[in-house]
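Worksheet for the structure shown next.
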């Protein structure tokens with residue numbers, strides 16, 4: 001019974017968001033995808049209310065750290081484009097090396113963040129749930145990418 005209550009509790013904001021976005025433009029697609037992912041994860045992993053609360057708190061922390069690190073990568077990429085296109089001021093090899101080192105360091109931090117998140121789940125989920133979560137993550141991302149790619153394809157004129 002708790003499982004159905006939790007599922008209904010998570011489904012209501014998703015439906016509300018859907019109705020609101022239909023009346024108010026495109027809405028926040030990312031939020032919709034996140035809600036759908038939450039519902040599917042809870043259902044597929046058969047998580048209790050307590051486990052799902054802890055799981056999503058940890059996932060939110062992981063994603064927030066990821067957003068910060070992605071912002072840093074974006075800034076470094078913009079800096080590289082700016083320095084590459086600036087013909088008036090030459091960038092030294094030492095400066096390029098520093099940028100590359102910082103870029104690689106940030107990429108390593110992103111990997112470390114992911115490993116720490118997955119490791120933190122081992123004391124929360126059963127080994128079977130862990131395996132199912134890892135498979136779910138890959139499959140869900142692939143499905144979303146396919147949907148996005150199909151949306152970008154334009155039908156041929158006849």
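The values are calculated or read from the model by the stated rules, or taken from the named source; none is laboratory data. Not measured: the values here are computed from a predicted model. As a convention, Cβ positions derive from the backbone with ideal geometry for all residues, glycine included, and neighbour counts pool all protein chains shown.
Quick notes on this one:
- Yes/no for residue 19 being in a helix (DSSP H, G or I) and either at pLDDT below 90 or surrounded by 15 or more Cβ atoms within 10 Å (Cβ to Cβ) (or both): yes
Condition check ((1) at pLDDT 95 or above; (2) in contact with a helix residue (DSSP H, G or I) (Cβ under 7 Å, 6 or more places away or on another chain)) across all residues:
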{"site": "49", "(1), (2)": "no, yes"}
{"site": "54", "(1), (2)": "yes, no"}
{"site": "62", "(1), (2)": "yes, yes"}
{"site": "68", "(1), (2)": "yes, no"}
{"site": "71", "(1), (2)": "yes, no"}
{"site": "87", "(1), (2)": "no, no"}
{"site": "96", "(1), (2)": "no, no"}
{"site": "121", "(1), (2)": "yes, yes"}
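- For the residues 84, 119, the requirement of being loosely packed, with under 13 Cβ neighbours inside 10 Å and within 21 Å of residue 63 (Cα to Cα) singles out 119.
- Which numbered condition residue 40 fails, given (1) surrounded by 15 or more Cβ atoms within 10 Å (Cβ to Cβ); (2) under 16 Å from residue 141 (Cα atoms): (1)
- Just so you know, in region 87-116 the residues that are more than 19 Å from residue 68 (Cβ to Cβ) and surrounded by 13 or more Cβ atoms within 10 Å (Cβ to Cβ) include one that is nearest to the chain's Cα centre (by Cα), and it is 96.
- Residue within region 131-153 that is out of contact with any strand residue (DSSP E or B) (no Cβ under 9 Å at 6 or more places or on another chain), exposed (fewer than 15 other Cβ atoms within 10 Å of the Cβ), touching a residue at least 12 places away in the same chain (Cβ under 8 Å) and within 20 Å of residue 30 (Cα to Cα) present: yes
- Region 51-69 residues that are part of a helix (DSSP H, G or I), paired with ones that are at pLDDT below 95 (beta carbon under 6 Å, 6 or more apart): 52/42
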